[in-house]
Amino acid sequence: MGYPKDLLSSRSIIEHGKYALIAPEGLVNNVIPGFENCIISILGSPKLGASFVDYVVTMQNEGKNTEGFGGQEDVETFVYVIEGKIKAAAAEQEFVLEESGYLYCPPGTKMYLENHWGGDSRLFLYKQKYRPLEGRKPWVYSNHANKIEYRNYDNMHNVNIKDLLPADIDFDMNFHILSFDPAACHPFIETHVQEHGAYLLSGEGMYNLDNQWVPVKKGDYIFMGPYVHQAAYAVGRENLTYVYSKDCNRDAAL
């Protein structure tokens, strides 16, 4: 990186256990065993207060994870292709995932990833412990978000959402893409038991995090803990769009 060109400063905000905005310019590289020719940064994690782990991964030429990702009996995983093209494999199935492609692997199933073209591929990667439900079990699932039609969010024509995983109680979480037209916003400030990890795919906006309005833009990562106030306004000339996780389909544990 070389010497700094200005006073040291950061847009990132960390409130452990509550919320975080992590700007890309402050990320450092982490070594994750099994990943080769990859630049990886850990984003949300239990050390931050999340019940899951999020990563942003740049797979360089011949980048891959030879040992697989996840695969523990109680751990589920998910990958979303931000840009580029990868080959993914799970449970003797292979998938070619281009931009907006994704793959979910249930507990006990390893996920294998390999860069599938000459340039870099960028990924949003996730893992968490699965909360089992008697008689139910999720399955390997893959698709491309660009093939899924948006639907109006809470009956608002300028805010739209896509569900990436099946709306089935076998799954204890889902991933969504939420997109705000310029000047659009949430219908109200949300306060709920679910937590989120969100990666901003495009645009700029103002995000309410615990009743603090924070400027956000493409490439930022946001962690939102349970019961933290949250809402967004889109600003600028393009849609504010992000992909995010949400725990669902389970009762609150005592």
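The values are calculated or read from the model by the stated rules, or taken from the named source; none is laboratory data. Quantities reported herein were computed from a predicted structural model and do not represent experimental measurements. When we count neighbours, we look across all protein chains shown, and the Cβ atoms used for this are built from the backbone with ideal geometry, even at glycine. Heads up: the accessible areas ignore ligands, DNA and RNA and are worked out on the full protein's heavy atoms, side chains in. Shrake-Rupley method; radii C 1.70, N 1.55, O 1.52, S 1.80 Å.
The residue of the range 26-42 that is least open to solvent (accessible area, probe 1.4 Å), among those that are of a type in the set (A, V, I, L, M) and closer than 21 Å to K110 by Cα, is I40. Checked against the criterion of being of a type in the set (K, R), over 19 Å from I222 (Cβ atoms), in contact with a strand residue (DSSP E or B) (Cβ under 8 Å, 6 or more places away or on another chain) and free of Cβ contacts under 8 Å to residues at least 12 places away in the same chain, the range 106-127 has no qualifying residue. For first residues located in the range 178-191 and at positive phi, partners that are open to solvent by less than 20 Å² (accessible area, probe 1.4 Å) and lie 6+ apart or on another chain with Cβ distances below 7 Å form the pairs A183/A234. Taking (1) at pLDDT 95 or above; (2) more than 17 Å from P226 (Cβ to Cβ); (3) assigned to a loop (DSSP other than H, G, I, E, B) in turn, K5 satisfies each apart from (1). Restricting the range 48-82 to residues that are among the charged types (D, E, K, R) and more than 17 Å from the chain's Cα centre (by Cα), the residue that is farthest from H16 (Cα to Cα) is E62. Against the condition open to solvent by 20 Å² or more (accessible area, probe 1.4 Å), within 19 Å of D54 (Cα to Cα) and among the small types (G, A, S), how does S245 come out, does it pass? No.
Taken over the range 65-102, the criterion of being open to solvent by 60 Å² or more (accessible area, probe 1.4 Å), charged (D, E, K, R) and at negative phi is satisfied by E67, E73, D74, E83, K85, K87, E94, E98, E99.
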